[in-house]
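The values are calculated or read from the model by the stated rules, or taken from the named source; none is laboratory data. Here the structure is a predicted model, which is why all the values come from computation and not from measurement. Every residue, glycine among them, receives a Cβ derived from its backbone with ideal geometry; neighbour counts consider all protein chains shown.
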Amino acid sequence: MTGISDSRSPRKKLLIVGSGPAGLSIGRLCAEAGCDVRIVEQRDHIAGNCYDEPDEHGVLVHRYGPHYFRTWSKDLLDWLSRFTEWIPGRYYVRACVNGELVPMPVSLSTMTALKGRAFSESEFREYLAQQREVFESPQNAEEQCLAHVGRELYELLFRNYTTKQWGISPRELAASVTARIPLRFDWDERYLNEEYQVMPKRGYTALYSNMADHPNLRIETKVALDEAQIRAERKHVDAIVYTGPLDAMFGCRFGALGYRSLRFEYEHHAGMQFVQPCVQINYPNEHAYTRTVEIKHVTQQQIPGTTLCFEYPEEEGDPFYPLLINEHRERRERYKALADAEREQDCPIYFVGRLAEYKYYNMDQVLLRAIDVAHEILQGWR
Ligand SMILES: Cc1cc2nc3c(=O)[nH]c(=O)nc-3n(C[C@H](O)[C@H](O)[C@H](O)COP(=O)(O)OP(=O)(O)OC[C@H]3O[C@@H](n4cnc5c(N)ncnc54)[C@H](O)[C@@H]3O)c2cc1C
């Protein structure tokens, strides 16, 4: 990328609020283009929710839930490869059903494990045709599930998991929450579908530290900027990228946007290589936790001992999953109109990322979006 500043025009100044994937990727691209980039981060670390670190036993853990990197975009993978080497993403998930571990998502392997006999593709299709319930247009997550997988699989694998995860009945959740439940008509037991499934060799914090390492980019951690402070910064910079909560930037004037949170409990097992057979086990029925994660299966860390993380869905805590119910969707649209207007000002504010757009993005999606915004910012300055 060519520089956007030369001796005739002063260097453009960019303030970025938040040092997650969105903030850091925009910061890096703009720094490389010659801008003076300042990133402020309220936490005491960078990398947002992708942050990982060794626990007190030296086992690398993902502090905000397991992050499985996957993408269809070779270009994105190539760009990120400037900041990390990769190891294969061994993303395998089982669900614990009546004490048995069955592969997820539902495939011929799952049906075989559940039914105790081999299931062919045609038998699985026939099974679904019998089980599926007819809804002209599913109105909620339960109807969507019943239309897609039928009552038996819904009850065994999805009903309680979804209820625990969201703290409300699937009947109150938008159909889109369960709309994309994948079904496989083969024996593929991988959890994800994307072509590229990898894990940064030294973890996400190392990847994002390398991305942040540029002479035109500086980061201040433990600095939280509120709405008034961000607006006041307009006098000092040419543009602002905001990756914090959408509602907070407008004093929550239309009411708060709701989130579901998680509590993480860790259990270390000294001297054991692994305690479960794969990285993630879902608990769709018994237990208050939804899943247990042993990330060492993916990080492939060579270390004695392992750490298991139990995830408990919570109402309060870090904002993790946007609540996909109508009330919050409508509120989001009203805030979004205000956010769009901020972008038209002399010193524009760009709202980017999962909090600022109140949208569940996977890492690759948020990075692709952020790269687009970086190009838009730079384009406007040429
Ligand atoms: C439990 C969980 C599991 C996930 N698993 C996966 C996965 O397996 N694969 C995948 O691809 N994606 C996964 N994701 C999604 C992934 O975490 C996000 O796509 C990504 O973190 C979004 O990046 P972001 O920069 O938009 O937001 P964040 O990572 O949330 O970063 C925003 C940063 O801004 C800071 N900030 C906010 N407001 C302010 C303020 N006012 N002042 C200063 N700093 C502020 C925050 O502290 C935070 O560090 C998961 C998410 C969660 C919650």
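One residue is enough: does region 320-330 have a residue meeting the conditions surrounded by 20 or more Cβ atoms within 10 Å (Cβ to Cβ) and among the hydroxyl-bearing types (Ser, Thr, Tyr)? Scanning region 320-330 turns up no residue that is surrounded by 20 or more Cβ atoms within 10 Å (Cβ to Cβ) and among the hydroxyl-bearing types (Ser, Thr, Tyr).
Within the option set 122, 109, being out of contact with any Cys (no Cβ under 8 Å at 6 or more places or on another chain), surrounded by fewer than 18 Cβ atoms within 10 Å (Cβ to Cβ), among the small types (Gly, Ala, Ser) and part of a helix (DSSP H, G or I) holds for one residue only, 122. Quick check: is even one residue across region 340-348 within 16 Å of the ligand (Cβ to nearest atom) and buried (at least 21 other Cβ atoms within 10 Å of the Cβ)? No, there is no match, as no residue in region 340-348 is within 16 Å of the ligand (Cβ to nearest atom) and buried (at least 21 other Cβ atoms within 10 Å of the Cβ).
Output the number of residues of region 142-167 satisfying the condition of being among the hydroxyl-bearing types (Ser, Thr, Tyr), in contact with a Cys (Cβ under 6 Å, 6 or more places away or on another chain) and over 18 Å from residue 129 (Cα atoms). Quick ask: steps written out before the conclusion?
Step one: of region 142-167, the residues among the hydroxyl-bearing types (Ser, Thr, Tyr) are 154, 161-163.
If we keep only those that are in contact with a Cys (Cβ under 6 Å, 6 or more places away or on another chain) too, we end up with 154.
After this cut, where a residue has to be over 18 Å from residue 129 (Cα atoms) as well, the list is none.
Looking only at that region, the number is 0.
Could you give every pair whose Cβ atoms fall below 6 Å, whose first residue belongs to region 233-251 and is closer than 19 Å to residue 344 by Cβ and assigned by TED's automatic domain parsing to the domain that holds residue 332, and whose second residue is of a type in the set (A, V, I, L, M) and more than 11 Å from the ligand (Cβ to nearest atom), counting only separations of at least 6 or pairs across chains? Correct list of pairs: 239/14; 239/377; 240/349; 242/349; 250/338. Just to be sure, is residue 58 away from the ligand (no atom under 16 Å from the Cβ) and in contact (Cβ under 8 Å) with a residue 24 or more places away in the chain? So residue 58 fits the description; yes. So, residue 312, is that one at pLDDT below 95 and within 13 Å of the ligand (Cβ to nearest atom) or not? Taking the combined requirement at face value, the residue does not satisfy it. Give the residues of region 143-176 that are modelled with pLDDT of 95 or more and not in a helix (DSSP H, G or I), sorted by residue number. Selection gives 149, 150. Residue 244 meets each of the listed conditions (1) more than 19 Å from the chain's Cα centre (by Cα); (2) within 11 Å of the ligand (Cβ to nearest atom) apart from (1). Selection over region 75-97 of residues that are in contact with a strand residue (DSSP E or B) (Cβ under 7 Å, 6 or more places away or on another chain) and charged (D, E, K, R) gives a count of 1.
Could you name every one of the strands (runs of 3 or more DSSP E) located completely within region 1-102 that has at least 1 residues being among the polar types (S, T, N, Q)?
On the way: elements: 13-17, 36-41, 52-54, 60-62, 69-71, 86-88, 93-97.
Answer list for region 1-102: 69-71.
Can you go through 212, 224, 248, 239 and tell me which one is among the small types (Gly, Ala, Ser) and surrounded by fewer than 16 Cβ atoms within 10 Å (Cβ to Cβ)?
224
So, in region 196-210, exactly how many residues are aliphatic (A, V, I, L, M) and away from the ligand (no atom under 12 Å from the Cβ)? Explain how you work it out, then say what you get.
Within region 196-210, the subset aliphatic (A, V, I, L, M) is 198-199, 206-207.
Among the residues that remain, those that are also away from the ligand (no atom under 12 Å from the Cβ) are: 206-207.
Within region 196-210, residues that are aliphatic (A, V, I, L, M) and away from the ligand (no atom under 12 Å from the Cβ) number 2.
Between 273, 280, the distinction of being modelled with pLDDT of 95 or more, within 11 Å of the ligand (Cβ to nearest atom), farther than 30 Å from residue 326 by Cβ and not acidic (Asp, Glu) belongs to 280 only. Residues of region 231-264 that are among the β-branched types (Val, Ile, Thr) and touching a helix residue (DSSP H, G or I) at 6+ places or on another chain (Cβ under 7 Å): 240, 241, 243. Taken together, 225, 262 contain a single residue that is within 15 Å of the ligand (Cβ to nearest atom), part of a loop (DSSP other than H, G, I, E, B) and not charged (D, E, K, R), which is 225. In this structure, residue 84 does not satisfy being farther than 20 Å from residue 276 by Cα, β-branched (Val, Ile, Thr), modelled with pLDDT under 95 and buried (at least 20 other Cβ atoms within 10 Å of the Cβ). How about region 317-355: which of its residues are hydrophobic (A, V, I, L, M, F, W, C) and out of contact with any helix residue (DSSP H, G or I) (no Cβ under 8 Å at 6 or more places or on another chain)? 337, 341, 347, 355 - these are the residues of region 317-355 that are hydrophobic (A, V, I, L, M, F, W, C) and out of contact with any helix residue (DSSP H, G or I) (no Cβ under 8 Å at 6 or more places or on another chain).
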